[in-house]
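Encoded as structure tokens, the structure appears first; notes follow it.
The values are calculated or read from the model by the stated rules, or taken from the named source; none is laboratory data. Every value quoted in this text rests on a predicted model; they were computed, and no experiment measured them. All Cβ positions, even for glycine, are placed from backbone atoms using ideal geometry, and neighbour counts span all protein chains on display.
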């Protein structure tokens, strides 16, 4: 198929090699991918907007070579919004034309910062990254996620969970944007250590993969300025074109597998259940960490 030229919100987008297969096992082409991005754009952009974007590009599909890209390429159109931070000019994934253009670059993973570009010191959420060794026992991941949720609930904090799109789960707690990364890391570490001490056979805080055994790594260090996680509704470079997908806590309790959520199934899922991440984005309800931090200051000083 020849290159396609389309207009999206007044911007002309060239889709090169639209029939190139990016996910061979799933039979997903570049045009399929960009159509998916346009379907989920309102929900993906609701979180990615005004955050620093890091992409992972696969020019020849997921079985080919890939590379990370933080700096916007020199050939990018001048209408794409950017922000220079620490000597890197990041794309701000703020609108549908930018999303389509990024998709045409075979950026199959879209990772965004925990903070807005204009405030590198304050995260918008408290985030827990549950990182298992592999997908061999996802029930293990769900079990740990429920333990995290229960601890958060005992502290009066509500949370939203999404799949990583690979093998893990990520738990988001909306908070007032007044806490520094140093403060939120202290809270994350306190909760992670509490859970690890009570579940030593399930959870590890060991950074080195070779020393983790089969335990789930509860990563409290990832939540930091400039670091990233996949945006909700971002695809991942996995064989079945899986998607980082918000799920309900009831689904975590009843059971599912990350491969249940793919480019093919997620748009229909949104139509059926709505955007399960909206409590973090469009309907965000900020929560206070003051009582938690006061307790820590009193007992851990």
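Here residue 187 does not fit the description of being within 19 Å of residue 246 (Cβ to Cβ), buried (at least 16 other Cβ atoms within 10 Å of the Cβ) and in contact with a helix residue (DSSP H, G or I) (Cβ under 9 Å, 6 or more places away or on another chain). Can you name the number of the only condition in (1) buried (at least 20 other Cβ atoms within 10 Å of the Cβ); (2) more than 28 Å from residue 186 (Cβ to Cβ) that residue 81 fails? Evaluating residue 81 over (1) buried (at least 20 other Cβ atoms within 10 Å of the Cβ); (2) more than 28 Å from residue 186 (Cβ to Cβ) leaves (1) as the failure. Annotation: residue 218 fulfils all but one of (1) part of a helix (DSSP H, G or I); (2) surrounded by 12 or more Cβ atoms within 10 Å (Cβ to Cβ); the unmet one is (1). Every condition in (1) exposed (fewer than 15 other Cβ atoms within 10 Å of the Cβ); (2) more than 20 Å from residue 295 (Cα to Cα) is met by residue 161 except one, and the failing one is (1).
Evaluating residue 68 against the criteria (1) surrounded by fewer than 19 Cβ atoms within 10 Å (Cβ to Cβ); (2) touching a helix residue (DSSP H, G or I) at 6+ places or on another chain (Cβ under 9 Å) leaves one unmet condition, (2). Restricting attention to region 84-108 and to residues that are within 22 Å of residue 19 (Cβ to Cβ) and assigned to a loop (DSSP other than H, G, I, E, B), the residue that is nearest to the chain's Cα centre (by Cα) turns out to be 106. May I ask you to verify whether residue 210 is under 30 Å from residue 56 (Cβ atoms), modelled with pLDDT under 95, surrounded by 16 or more Cβ atoms within 10 Å (Cβ to Cβ) and more than 18 Å from the chain's Cα centre (by Cα)? Spelling it out, it is not the case that residue 210 is under 30 Å from residue 56 (Cβ atoms), modelled with pLDDT under 95, surrounded by 16 or more Cβ atoms within 10 Å (Cβ to Cβ) and more than 18 Å from the chain's Cα centre (by Cα).
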